[in-house]
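Novice: Sharing a structure below in structure tokens format, with a few things to ask.
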Amino acid sequence: MSAPPQTAPAPAGYGRVFAVPEFRAVFAAHLLSMLGVIVSEIALSVLVYDLTRSPLLSALTFALGFLPYAVGGTLFAPVADRFPARRVLVVCDLVCAGCVALMTVPGTGIGVLLALRCALAVVSPVFAGTRMATLADVLGDGDLFVLGRSLLRIVAQSALLVGYGLGGLLLTVVAPRHALLITVCTFLASAALLRCGTRHRPARTRHGDGETPPGLRRLLADRRIRVLLLLLWIPAAFSVVPEALAAPYADVLGSGSAGLGLLMCALPVGTVAGELFAGARLKPPVRERVALPLVCLTLLPYLGFALRPGLLASLLLLLVSGAGSAYTLGLDQWFVRAVPEELRGRAMTVLSAGLMTVQGVGMALAGVAAQAVGVRTAVAGAGVAGVLCCCALAVAARATEGQEVAGGDGR
């Protein structure tokens, strides 16, 4: 009697996500977009400095990557639901490619360069929100969505670690305008992948659905959604404080440029490690069960900066804090479960826009606080305030759990 045929074992952890062909296209497009964004930020900053010799204007090119997110996320959030997702993603990539292509034109003035940088930042939340909503279409709104979203975050964090170094090396062999041409190619390649690698899906809502122009009234009327948005935003606003103060903190420690690089890398490395462990090793119910405790604990290591730690201890504190950001996997599941499907695109756009906005505000306030009380005290103070805010939001999230279940059953 012959033995039964062997069947290949089902992929485990993140492997299940890569088994979905459409996700592979979305993932590859995301990787290309991230590379394009990072190269454009570095090249444009260097180009502006070469033209003006002004450190202020050079730094402003980075700041403009944060501030217009609020405008784009508020005014254009309905676009993510009122047009087919694939069309929105492709058009956003083409618009970004066109803006960067205009930056490469010789003789382009500083005002035009900064305006084009603003245009990129306005488009970004629409693209990011539509892509997140598309993930739910491609992978469903269960565990595969959580793992897929986690992978995109891991790519973003890893790109920050690797991309700036590679971008700096690239600018040693090519001029800034030529480096921007590479960005144009990455955006075009991303558009082609999304156009050919994902299937057409109709818009989630119809035009003229009677909502106000921003289309957010119904979304923000839900208390559960408001609490989850704050839970995803507030920890991020406090967590960026050490990153914003890395340069002056390295100076306080006397660790030089090497110490600065390590301080900039510690938090992203901890974040990637935490997400990889939670995604690969923890089952979905466990990830949801530990989400609120991790939210309350993730900023607690910042209090250790009050003890005036050296470089090694500071790096360890940042690594542990970054690993605590694995709470996002549980919150992602709650958020996609709480949002009605027809509002999913604008909800994800608002989430993305708010996240970038609060991080920009957090960085600015960190500088103000450090100027007033010193770097170590500013980081420790951010830890105290962040833990208190997170604990209050965790209590509110626990109180609204029944609303999520009721809403989900109703839909």
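Novice: When you check T357 against the structure, is it crowded, with 24+ Cβ neighbours inside 10 Å and among the β-branched types (V, I, T), yes or no?
Specialist: no
For (1) outside any loop (DSSP other than H, G, I, E, B); (2) buried (at least 22 other Cβ atoms within 10 Å of the Cβ); (3) modelled with pLDDT under 75, each residue gets a yes or a no:
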| position | (1), (2), (3) |
| --- | --- |
| A12 | no, no, yes |
| F23 | yes, yes, no |
| V26 | yes, yes, no |
| G36 | yes, yes, no |
| S40 | yes, yes, no |
| L51 | yes, no, no |
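Novice: Would you check which residues across region 266-295 are touching a helix residue (DSSP H, G or I) at 6+ places or on another chain (Cβ under 6 Å) and farther than 22 Å from V387 by Cα and list them?
Specialist: G279, P284
Novice: Is it the case, given these coordinates, that L139 is within 22 Å of the chain's Cα centre (by Cα) and without any contact (Cβ under 8 Å) to a residue 40 or more places away in the chain?
Specialist: Taking the combined requirement at face value, the residue does not satisfy it.
Novice: Looking at L194, L169, which one is in a helix (DSSP H, G or I), in contact (Cβ under 8 Å) with a residue 40 or more places away in the chain and hydrophobic (A, V, I, L, M, F, W, C)?
Specialist: Numbers: L169 fails: in contact (Cβ under 8 Å) with a residue 40 or more places away in the chain.
Of the residues listed, the single one that is in a helix (DSSP H, G or I), in contact (Cβ under 8 Å) with a residue 40 or more places away in the chain and hydrophobic (A, V, I, L, M, F, W, C) is L194.
Novice: Specify which of the listed residues (G345, G310) is touching a helix residue (DSSP H, G or I) at 6+ places or on another chain (Cβ under 8 Å), touching a residue at least 24 places away in the same chain (Cβ under 8 Å) and surrounded by fewer than 20 Cβ atoms within 10 Å (Cβ to Cβ).
Specialist: G310
Novice: Kindly indicate which of V379, V384 is open to solvent by less than 30 Å² (accessible area, probe 1.4 Å), β-branched (V, I, T) and at pLDDT 90 or above.
Specialist: Selected residue: V379, the only one of V379, V384 that is open to solvent by less than 30 Å² (accessible area, probe 1.4 Å), β-branched (V, I, T) and at pLDDT 90 or above.
Novice: Looking for something under 23 Å from the mean Cα position of the chain (by Cα), hydrophobic (A, V, I, L, M, F, W, C), closer than 19 Å to L152 by Cβ and crowded, with 23+ Cβ neighbours inside 10 Å - is there at least one such residue anywhere in region 279-289?
Specialist: The answer is no; no qualifying residue exists.
Novice: Right, next: Among the listed residues T172, T134, identify the single one that is farther than 26 Å from F83 by Cα and not charged (D, E, K, R). Break it down into steps so the answer makes sense when it comes.
Specialist: Working: T134 fails: farther than 26 Å from F83 by Cα.
Step by step, each of T172, T134 is checked, and only T172 is farther than 26 Å from F83 by Cα and not charged (D, E, K, R).
Novice: Continuing with the same structure: Are any of the residues in region 335-342 touching a Pro at 6+ places or on another chain (Cβ under 9 Å), crowded, with 22+ Cβ neighbours inside 10 Å and more than 17 Å from V387 (Cβ to Cβ)?
Specialist: no
Novice: Count, please, the residues in region 224-266 that happen to be under 14 Å from L317 (Cβ atoms), small (G, A, S) and open to solvent by 20 Å² or more (accessible area, probe 1.4 Å).
Specialist: Residues flagged as under 14 Å from L317 (Cβ atoms), small (G, A, S) and open to solvent by 20 Å² or more (accessible area, probe 1.4 Å) within region 224-266 amount to 1.
The values are calculated or read from the model by the stated rules, or taken from the named source; none is laboratory data. Small disclaimer: the values here were computed from a predicted structure and weren't measured. Note: ideal-geometry Cβ built from the backbone for every residue, glycine included; neighbour counts use all protein chains shown. Heads up: the accessible areas ignore ligands, DNA and RNA and are worked out on the full protein's heavy atoms, side chains in. Shrake-Rupley method; radii C 1.70, N 1.55, O 1.52, S 1.80 Å.
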